[in-house]
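Worksheet: one structure, shown below.
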Amino acid sequence: MSDKFSASNRSQQQKQQKKPSFAYLIEKKRDGGEFTNEEIRQIVDAIMDGEMPEAQQAALAMAIFFKQMTAQETAALAEEMKLSGEELDLNKVRKSKICKISTGGVGDKTTLILAALGAATGVIVPCMGIRDEDFEITTVAKIGALPGVKTKYSLSEYTSLLTRVGAAIVEPDTQVAPADDLLYALRQNTATLPSLPLITASILSKKLAEGCGSLVVDIKWGNGSFVREKEQAKQLARTITRVARAMERKCVALVTDSNQPIGDSVGTALEIREALQLLGGGGLDEIKPKEQDGPPDPLRDQKELVLKLGMELVRLADVAGSTLSAKQTVERACKNGAAQKKLVEILRAQGAKQDWLDDLSKFPETKYTKKLPAPKRGYVHTIDAGKLAAGVKFLATGKDGKVDPYVGITDIRKVGRQVKQGEPLIIVHYNDESRIDAAMQYFRDAYRLAPKRPKDEPLVFERVA
Ligand code: URA
C-alpha cells in the first residue's frame, strides 16, 4: 500500500516537473514586478512549445495589461518573438533598410508612395503587411486587387525582390515571428489587444524580423485606425520609439489624425492611380495653406503626410542630413519622376501588366458612377472613415470574394467643407448594380453635416523621436 502510494506520488511529482507551473510569473507581474530577460524567454518558449496552460497565458496577458511592461521588458519580448521564427537576411545589401509602419488609415497612399520614394533614393523599404482592422483596405490589398499581381512570396523571393527593386509589398508570412501570432490570438480572446507594450512588441518583432534598421511610424488615431483615442496614440508613439531605442534602432513616430479619408479616393486601383498622379503632378511644394482662397487641394493632406514622413525616412536613412536637404530630397524625387517610375517598377516586378500604369489616361472607368448628394446645406462635420472603407469593400467584393479593382469613391468632400443641399459629397464608381443601394447606405451613414464649421484639427499632431 505504502509502496503503491509512494509510486503514484512519485509519478505525480514527475508530471509536475515535466509541466512547470508559471504561477510565480503571473504573481510577479500581478504585483507590479519587472521580468528579467530570462523570464521573458521562458514565457515565449513556453507559449511556443504549448507548455503554458491557456488559463495561465490568459492570466499573464491580463496581468501585463494592467501592470504594463518597462521599455526593457517590451524590448526583450519583441526580441524573443522575433527569434521565434525566420528572419530576412538583408545584411549583404549595403543600403539603409527603413520600414514605414502605420496603425490604420483610409484612403492613405503614403506607404505606396514612400516605398517608391525610398527605393528611388537608394533605400531598401520592406513592406510586409501587419495586422489591420477589418474595414481597412491594406496596401497589400490595394496592389493585390490588380489582376496578375502577386503578393504572396517565400522569404527568399521577398529578399531577392527587395534586393533587386528596393521595395516590395507582400502579405504577412506565418514563418515570421510566429510567437506573435499565438500571442495575438490570445490577446483577441482575453480583451488585452489594446495593451501598449503588447502592441509595441507585436509590431517591432515582425518589423525587425523583416530586417528593418530604422523605423518611421505613423500612429494614426481616430475612426480610421485601431487606435481610437488621441491620448492613446501619443502614448503608443512614446512606447514604440522608447522600445525601438532600447533595441538600438532609430525610430521616429508622428501622431496623425485619421478621422477622415486621406487624399481624394478610397479603393484599390483608384488609390494606385492617385499615388501615381501625386508623384507625377508637379511635386509636393505646391501644398497650399488651408486658408488660401480658391478650391481646396484635395490631395493636401496626402501631400503633407508624404512630405513629413518622407523627410523622416530620408533622414533616418542618411540620404539627407539637414531638415532642408530632407525636404529637397523628397520634393525632388516626387518632382523629377523618379519615385513615380519606381512605383511602376515595384508593381511590374510583382506582376502588374496594366498599360494605364504608364499612361494614366488609359485608366478604365467603371460602367456606372453615382453621386452621394448632401442631404442639406451645411459643413461636413464628421466623416466615419471606417464606414466609407467598409462601404467600398462591400461594393468592390464579388460573391466569389474577388475584388473589382476599379470600384471605389473619389471627389471626397472633407471635414470643414461647406456644401449646398444636393451637392455631391463623394462620387461612387461601380460595376455591380445589385450592391449599390446597400453600399450607398454605408456612405450616407458615414457623413454628418452641421450648420457650424467644425474645429480645425491638425493632421500631424505630434512628433516623437
Ligand atoms: N498590429 C500588429 O501587428 N499588432 C498589434 O498588436 C496591433 C496591430
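The values are calculated or read from the model by the stated rules, or taken from the named source; none is laboratory data. Note that the structure is a prediction, hence the values are computed from the model and not measured. Neighbour counts run over all protein chains shown; Cβ positions are idealised from the backbone, glycine included.
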Checked pairs for segment 128-143, first in the same structural domain as Ala201 (by TED's automatic domain parsing) and of a type in the set (Asp, Glu), second assigned to a loop (DSSP other than H, G, I, E, B) and near the ligand (Cβ under 9 Å from one of its atoms), C-beta under 8 Å and 6 or more apart or across chains, list as Asp132/Phe226; Glu133/Phe226
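Restricting attention to segment 112-132, and to residues there that are within 14 Å of the ligand (Cβ to nearest atom) and touching a strand residue (DSSP E or B) at 6+ places or on another chain (Cβ under 6 Å), which single residue is farthest from Gly263 (Cα to Cα)?
Our first condition is that a residue be within 14 Å of the ligand (Cβ to nearest atom); within segment 112-132, this holds for 127-132.
Those still in the list that are touching a strand residue (DSSP E or B) at 6+ places or on another chain (Cβ under 6 Å) too: 127-128.
On the way: Cys127: 21, Met128: 23 Å.
Selected residue: Met128.
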Going by the conditions given, is Pro172 surrounded by fewer than 24 Cβ atoms within 10 Å (Cβ to Cβ), at pLDDT 95 or above, in the same structural domain as Gln260 (by TED's automatic domain parsing) and closer than 30 Å to Leu25 by Cβ?
no
inquiry  = If I filter segment 53-71 for residues that are of a type in the set (Phe, Trp, Tyr), within 23 Å of the chain's Cα centre (by Cα), within 22 Å of Ala23 (Cβ to Cβ) and part of a helix (DSSP H, G or I), do I get at least one hit?
reply    = yes
Here the qualifying pairs (Cβ atoms under 7 Å; residues six or more apart or on different chains; first in segment 189-203 and at negative phi; second near the ligand (Cβ under 8 Å from one of its atoms) and not in a helix (DSSP H, G or I)) come out as Ile203/Ile130
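Conditions (1) among the hydroxyl-bearing types (Ser, Thr, Tyr); (2) at pLDDT 95 or above; (3) touching a helix residue (DSSP H, G or I) at 6+ places or on another chain (Cβ under 6 Å), marked per residue:
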position: Gly280; (1), (2), (3): no, no, yes
position: Arg300; (1), (2), (3): no, no, no
position: Arg315; (1), (2), (3): no, yes, yes
position: Ala320; (1), (2), (3): no, no, yes
position: Cys334; (1), (2), (3): no, no, yes
Selection from segment 438-455 of residues under 12 Å from Ile409 (Cβ atoms), assigned to a helix (DSSP H, G or I) and under 26 Å from the mean Cα position of the chain (by Cα) yields Ala439, Tyr442, Phe443, Ala446
For segment 225-246, pairs from a residue that is over 16 Å from Leu204 (Cα atoms) to a residue that is charged (D, E, K, R) and within 15 Å of the ligand (Cβ to nearest atom), with Cβ under 6 Å and 6 or more apart or across chains, are Phe226/Glu133
Residue hits (segment 381-400; in contact (Cβ under 8 Å) with a residue 12 or more places away in the chain and either assigned to a strand (DSSP E or B) or farther than 30 Å from Lys452 by Cβ (or both)) are His381, Thr382, Ile383, Lys393, Phe394, Leu395, Ala396, Gly398
Note on segment 155-199: residues small (Gly, Ala, Ser) and either within 22 Å of Thr239 (Cα to Cα) or within 12 Å of the ligand (Cβ to nearest atom) (or both) are Ala177, Ala179, Ala185, Ala191, Ser195
Taking segment 24-52 and keeping residues part of a helix (DSSP H, G or I) and either on the phi > 0 side of the Ramachandran plot or not charged (D, E, K, R) (or both) leaves Tyr24, Leu25, Ile26, Asn37, Ile40, Gln42, Ile43, Val44, Ala46, Ile47, Met48
Screening Ala339, Ala352 for residues that are among the aliphatic types (A, V, I, L, M), in contact with a Leu (Cβ under 8 Å, 6 or more places away or on another chain), closer than 30 Å to Arg164 by Cα and in a helix (DSSP H, G or I) leaves only Ala339
Note on segment 156-178: residues aliphatic (A, V, I, L, M), within 20 Å of the chain's Cα centre (by Cα) and on the phi < 0 side of the Ramachandran plot are Leu162, Ala167, Ala168, Ile169, Val170, Val176
The residue that is farthest from the ligand (Cβ to nearest atom), considering only those in segment 92-108 that are more than 15 Å from Lys207 (Cβ to Cβ) and in a loop (DSSP other than H, G, I, E, B), is Arg94
Listed by first then second residue, the pairs whose first member lies in segment 401-420 and is in contact (Cβ under 8 Å) with a residue 40 or more places away in the chain, whose partner is among the aromatic types (Phe, Trp, Tyr), with beta carbons under 6 Å and at least 6 positions apart or on separate chains, are Val407/Tyr430; Gln418/Tyr379
Restricting segment 200-218 to residues that are away from the ligand (no atom under 11 Å from the Cβ) and under 13 Å from Ala253 (Cα atoms), the one surrounded by the most Cβ atoms within 10 Å (Cβ to Cβ) turns out to be Val216
